[in-house]
Amino acid sequence: CPSSATSTEIECGSAAYFCPAGATTRSDVRQGYYSSPLEDPETRRQSEQPCEPGYRCDAGVRSPCSSDSSVNGIHAYYCMGGVSFAVGVGNYSSGGGPGQQSGQAQCGPGSWCDKGERNLCAKGTFGDTHGLTTAACTGNCSAGTYGNQEQITDAGCVGKCSAGYWCGPGSTSPEQHTCGSEAYYCPAGSPGPIAVKQEHYTTGCSDTRMCSGEEPAASN
């Protein structure tokens, strides 16, 4: 009410203002605050409230952190004090549900981060450092080893390839490739089939000729 001499009431105007009972002029909502109660029309708000973590507040309007801050639905921002901040490289948004992130954290070993989202290193790869940013992680599992699960943190991955088989870089099974024939053998941890030397023969073979060793042939 602009004057005590009149009963004329003027609506506060918009969410950017609030008017408590008995106000002779409207008050600006401060940065990082929103006008309230939210259930009242924006033109007749009575007070202001601080923006909660995970929300951004502009001109008295409270919005989810993702309102104008998402890329293809992947949230690359977090909000504190009513202000949105970009998630750092190698970090992911945290501290709330979708659209309500209130912080960020660095990607740990075995994972990689892009556009504020955390992903696990895929099978056959490993991540041994913090803050990785691509699906390649640190690299492939070493030849002779395998990685049959996600989020591996060591180049040795899960373990050695099985005897009678060989594993190239990035293998996802302990039996990635069969040794092939009696002309080759593959002990545990083989990065590739080993040719049998002249005057030697393969040992430890299964019916499908997956051999794990060699011995010299008996002399006549």
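The values are calculated or read from the model by the stated rules, or taken from the named source; none is laboratory data. Please read these numbers as outputs of a predicted model, since none were measured by experiment. Cβ: placed from backbone, ideal geometry, glycine included. Neighbour counts: every protein chain shown. Ligands, DNA and RNA are stripped out before the accessible areas are found, and what is left, the full protein with its side chains, is counted by its heavy atoms. Shrake-Rupley method; radii C 1.70, N 1.55, O 1.52, S 1.80 Å.
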Fill in the blank from the handout: In the range 175-194, anything within 44 Å of the chain's Cα centre (by Cα) and more than 17 Å from GLY144 (Cβ to Cβ) is listed as SER181
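Does THR178 qualify as being touching a Gly at 6+ places or on another chain (Cβ under 6 Å) and either open to solvent by less than 60 Å² (accessible area, probe 1.4 Å) or in contact (Cβ under 8 Å) with a residue 12 or more places away in the chain (or both)?
Values: touching a Gly at 6+ places or on another chain (Cβ under 6 Å): no; either open to solvent by less than 60 Å² (accessible area, probe 1.4 Å) or in contact (Cβ under 8 Å) with a residue 12 or more places away in the chain (or both): yes.
So THR178 does not fit the description; no.
Considering only the range 124-141, state which residues are in contact (Cβ under 8 Å) with a residue 40 or more places away in the chain and under 21 Å from PRO191 (Cβ atoms). Working first, answer last.
Within the range 124-141, the first condition is being in contact (Cβ under 8 Å) with a residue 40 or more places away in the chain, and the residues that meet it are 124-125, 130-133.
Across the range 124-141, the qualifying residues are GLY124, THR125.
Please give the strands (runs of 3 or more DSSP E) falling wholly within the range 110-220 in which 1 or more residues are under 30 Å from TYR78 (Cα atoms).
Values: elements: 111-114, 117-120, 200-203, 213-216.
By residue number, 111-114, 117-120.
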Fill in the blank from the handout: Counting only residues that are open to solvent by 70 Å² or more (accessible area, probe 1.4 Å) and either at pLDDT 95 or above or basic (Lys, Arg) (or both), the range 115-133 contains a total of 5
Completion exercise
Listed by first then second residue, the pairs whose first member lies in the range 201-220 and is over 12 Å from TYR184 (Cβ atoms) and modelled with pLDDT of 75 or more, whose partner is assigned to a strand (DSSP E or B) and aromatic (Phe, Trp, Tyr), with beta carbons under 7 Å and at least 6 positions apart or on separate chains, are GLU215/TYR201
Practice task
Return the residue satisfying two criteria in turn: it lies in the range 72-95 and is more than 20 Å from ARG30 (Cα to Cα), open to solvent by 60 Å² or more (accessible area, probe 1.4 Å) and of a type in the set (A, V, I, L, M), and of such residues it is modelled with the highest pLDDT.
Solution key: VAL89
Practice task
Taking the residues in the range 54-71 that are modelled with pLDDT of 65 or more, over 19 Å from CYS113 (Cβ atoms) and among the hydroxyl-bearing types (Ser, Thr, Tyr) as candidates, determine which candidate is most open to solvent (accessible area, probe 1.4 Å).
Solution key: TYR55
Problem - Residue in the range 13-37 that is modelled with the lowest pLDDT, counting only those that are under 29 Å from SER93 (Cβ atoms) and open to solvent by 80 Å² or more (accessible area, probe 1.4 Å) - result: GLN31
